[in-house]
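Structure, as structure tokens:
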Amino acid sequence: MDLSELERDNTGRCRLSSPVPALCRKEPCVLGVDEAGRGPVLGPMVYAICYCPLSRLADLEALKVADSKTLSESERERLFAKMQEDRDFVGWALDVLSPNLISTSMLGRVKYNLNSLSHDTATGLIQYALDQGVNVTQVFVDTVGMPETYQKRLQQSFPGIEVTVKAKADALYPVVSAASICAKVARDQAVKNWQFVEKLQDLDTDYGSGYPNDPKTKVWLKEHVEPVFGFPQFVRFSWRTAQTILEKEAKDVIWEDSAPEDQEGLGKITSYFLNEGSGTCPRASHRYFLERGLESATSL
């Protein structure tokens, strides 16, 4: 899978897709929706759709696609390669949502929770397939939240299409399994080849699974938290695990209107910039300063 567009800019949202098979413009098609990477504290979340003509659904099933979580990495890559070979009747598209986009959405002034972001992304991909001329007549979706509510919402958005939303749809419907494989292959590749915009010293790329309860992931987070600027953009800083580490490892901010008793015992953020005493920061200058040509002032 070519993720070069994502590698050039992994700070927002990236949409990738296969060419639309001519057959999918002519014949009624079934479309599946699934995601990969909803829960991890590290890396992007990827939503994917996969579609094929109803007349060729048996051929898709013959590939023996399955829920991506039950397959090894090599099996997922092999099946995705097979779908690429069958591009005369199988098409796909995906949205890669960066950790930065997810966190800024969830922590913005107007809250945009992960369920809403997921629902809107799935809706956008279905609409994208329709806009590309795919003759979609049936849609199967792996649920996020209550399936009945989600299905009603999608049915209202696409009244001319038969919509089915189920829990574990990736194990029930082959077209959703295929979407699951597309999403997982893309996420695995994105994580493995992540381009860090931060110039990190001694970068350890052994992150573990990326899930919040993974001890190796927690160690990585502690080792790569910057005292003032926090985490690299590879981290979803809106996750509770990341916030807890920030509270323990990063500098406290003292606001001018804070009550004096609330400031007792807090290290001042200005200590980060000092070159003497225990407040010395041994790390190289953060890219924020390097990009702006800023250096510490020794005298005023």
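Kindly indicate whether L172 is aliphatic (A, V, I, L, M), at pLDDT below 90 and open to solvent by 30 Å² or more (accessible area, probe 1.4 Å).
no
Where the second residue is outside any strand (DSSP E or B) and surrounded by 15 or more Cβ atoms within 10 Å (Cβ to Cβ) and the first is on the phi > 0 side of the Ramachandran plot and lies in the stretch 128-139, which pairs have Cβ atoms under 7 Å and are six or more apart or on separate chains?
G133/V20
Would a scan of the stretch 174-193 turn up a residue that is polar (S, T, N, Q) and in contact with a Cys (Cβ under 8 Å, 6 or more places away or on another chain)?
no
Please indicate, with yes or no, whether at least one residue in the stretch 157-176 is farther than 27 Å from D9 by Cβ, of a type in the set (V, I, T) and under 21 Å from the mean Cα position of the chain (by Cα).
Yes: one or more hits.
If L130 satisfies all but one of (1) open to solvent by less than 30 Å² (accessible area, probe 1.4 Å); (2) under 19 Å from S17 (Cα atoms); (3) of a type outside the set (D, E), what's the number of the condition it fails?
Exception for L130: condition (1).
With the condition kept exactly as written, say whether any residue in the stretch 209-230 is at pLDDT below 90, assigned to a loop (DSSP other than H, G, I, E, B) and open to solvent by 70 Å² or more (accessible area, probe 1.4 Å).
The answer is yes, given that some residue of the stretch 209-230 is at pLDDT below 90, assigned to a loop (DSSP other than H, G, I, E, B) and open to solvent by 70 Å² or more (accessible area, probe 1.4 Å).
Of everything in the stretch 183-202 that's among the charged types (D, E, K, R) and part of a helix (DSSP H, G or I), which residue is least open to solvent (accessible area, probe 1.4 Å)? So that I can check it myself, show each step before the final result.
Pass one, the stretch 183-202, residues among the charged types (D, E, K, R): 184, 187-188, 192, 198-199, 202.
Narrowing the set further to residues that are part of a helix (DSSP H, G or I) leaves 184, 187-188, 192.
On the way: K184: 57, R187: 16, D188: 34, K192: 132 Å².
Per the criteria, the residue is R187.
Return yes or no: is F237 touching a helix residue (DSSP H, G or I) at 6+ places or on another chain (Cβ under 8 Å) and either part of a loop (DSSP other than H, G, I, E, B) or under 23 Å from S105 (Cα atoms) (or both)?
It is true that F237 is touching a helix residue (DSSP H, G or I) at 6+ places or on another chain (Cβ under 8 Å) and either part of a loop (DSSP other than H, G, I, E, B) or under 23 Å from S105 (Cα atoms) (or both).
When S4 is evaluated against the numbered criteria (1) in contact (Cβ under 8 Å) with a residue 12 or more places away in the chain; (2) over 15 Å from the mean Cα position of the chain (by Cα), which criterion, by number, is the only one it fails?
(1)
Keeping to the stretch 58-91, report how many residues are in contact with a helix residue (DSSP H, G or I) (Cβ under 7 Å, 6 or more places away or on another chain), surrounded by 14 or more Cβ atoms within 10 Å (Cβ to Cβ) and part of a helix (DSSP H, G or I).
Within the stretch 58-91, residues that are in contact with a helix residue (DSSP H, G or I) (Cβ under 7 Å, 6 or more places away or on another chain), surrounded by 14 or more Cβ atoms within 10 Å (Cβ to Cβ) and part of a helix (DSSP H, G or I) number 8.
What residue, among those in the stretch 1-43 that are among the charged types (D, E, K, R) and in a loop (DSSP other than H, G, I, E, B), is surrounded by the fewest Cβ atoms within 10 Å (Cβ to Cβ)?
D2
With the structure loaded, tell me whether N275 is in a loop (DSSP other than H, G, I, E, B) and modelled with pLDDT under 70 or whether it fails that test.
yes
The values are calculated or read from the model by the stated rules, or taken from the named source; none is laboratory data. Small disclaimer: the values here were computed from a predicted structure and weren't measured. When we count neighbours, we look across all protein chains shown, and the Cβ atoms used for this are built from the backbone with ideal geometry, even at glycine. We work out accessible area using only protein heavy atoms, side chains counted, and drop any ligands, DNA or RNA first. Shrake-Rupley method; radii C 1.70, N 1.55, O 1.52, S 1.80 Å.
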